[in-house]
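The next block holds one structure in the form of structure tokens; read it before the comments.
The values are calculated or read from the model by the stated rules, or taken from the named source; none is laboratory data. In this text, all values refer to a predicted model and were calculated from it rather than measured experimentally. Every residue, glycine among them, receives a Cβ derived from its backbone with ideal geometry; neighbour counts consider all protein chains shown.
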Amino acid sequence: MEVSDEESVTGPARTPDTDSEPEQPDPAAAPAAIAPYPGDIDDETEADLARLLDSSEQPDPAALRAGMEPYLGDIDRYMRSLEASRRPRDDYIWTTQEDINPKMRAVLVDWLVDVSCTFRLPADTLHLAVSYVDRFLTASVIKWHELQLLGVTALLVAAKYEDDIFVHEVQRYRGVTANTYTTKQVVKMETDILKSLNFEMGSPTARTFLRRYITVCRGRDRAKAKKLEFLCSYLAELSLLDYDCIQFNPSVVAAACLFLARFTISPTARPWNLTLQRNTKYKVSDLKSCILMIHKLQLNGYPGLKEDAIKVKYNDRELEHVSAMDPPENIPLRFLKDIGQ
């Protein structure tokens, strides 16, 4: 069955579009300001907080782990094979793209964080959307004025994939670009994304592995455990900004974020141990480059990025102001050596 210009592959477009040619964005400027989200979601909704990581309303992770114990090995092997097969190339900006650079990508990611907060989308949707962007750019060449179109459409596709209850309408997503793009353009980009990714939309992200890793070190101190979760999520979102982090598998990024979060909370205690090494399957030497890269982002932010949506998002009372925590400037060399060395 053919899909009409006004119908999305993963869902119908709800609002007809005008035939007028949209104004192209300025490449030197940040993406358009975000319009308020229409009233279908109540202001009291706390989806992003509740689903940021395992919420208190969900079943006890320890109990879930006990029930899944016989299958954990198979699940882990499958996830690691999937992350290897569904990942972008780490050189696509230099080998495939002609009009896009790492800073443009960082500005886009920062803007997508802002949009996801406005739309109250969970962190998983954001990570998946950025994954779609990178995978698409690995195979398809676009112009600079199409980058925001790609980003907002990737977020739309990820939201549809993650949420089968709420209807995500094209009009709302093009609205956050100040209607820079037409409905037809969004629908076509959606089709292009799906075809480019061969309809393989499920892909493990750093969030996927973080949930598993954190259950290992929750302990009985629930308050400390929540701070660890929020800090890990903050660091994982920082890693999305840096194009150079694409070189690391999501499981590596997740383990590096856990290392840094534990180090930030307890700077004098060794952040890695044999239990974490056994459960993540990574030694410190496997993580060192990624740890140092994300630590630099934690200290200084992304170079030249005027906006800082991630820092603002996590400087919130309910997220325990984790982005305002001052990490130590240097990681002791003994912490960066493998256990036993």
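Here Asp110, Asp134, Asp114, Asp99 are screened, and the one residue that is in contact with an Asp or Glu (Cβ under 6 Å, 6 or more places away or on another chain), over 18 Å from Val187 (Cβ atoms) and either assigned by TED's automatic domain parsing to the domain that holds Thr191 or crowded, with 19+ Cβ neighbours inside 10 Å (or both) is Asp110. From the list Leu150, Leu156, the lone residue that is surrounded by 24 or more Cβ atoms within 10 Å (Cβ to Cβ), assigned to a helix (DSSP H, G or I) and either modelled with pLDDT of 95 or more or touching a strand residue (DSSP E or B) at 6+ places or on another chain (Cβ under 9 Å) (or both) is Leu156.
Could you please let me know if Ser323 is buried (at least 17 other Cβ atoms within 10 Å of the Cβ) and either assigned by TED's automatic domain parsing to the domain that holds Leu108 or touching an Asp or Glu at 6+ places or on another chain (Cβ under 9 Å) (or both)? When the stated conditions are applied, Ser323 passes them.
Regarding Lys296, is this residue under 21 Å from Asp244 (Cβ atoms) and free of Cβ contacts under 8 Å to residues at least 12 places away in the same chain? Criteria met by Lys296.
Per-residue answers, yes or no, for (1) closer than 30 Å to Asn279 by Cα; (2) assigned to a helix (DSSP H, G or I); (3) free of Cβ contacts under 8 Å to residues at least 60 places away in the same chain:
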position	(1), (2), (3)
Tyr71	yes, yes, yes
Leu82	yes, yes, no
Pro88	yes, no, no
Glu98	no, no, yes
Asp110	no, yes, no
His127	yes, yes, no
Thr138	no, yes, yes
Val141	no, no, yes
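Name the one entry in Lys281, Lys288 that is among the charged types (D, E, K, R), surrounded by fewer than 16 Cβ atoms within 10 Å (Cβ to Cβ) and closer than 28 Å to Asp74 by Cα. Among Lys281, Lys288, only Lys281 is among the charged types (D, E, K, R), surrounded by fewer than 16 Cβ atoms within 10 Å (Cβ to Cβ) and closer than 28 Å to Asp74 by Cα.
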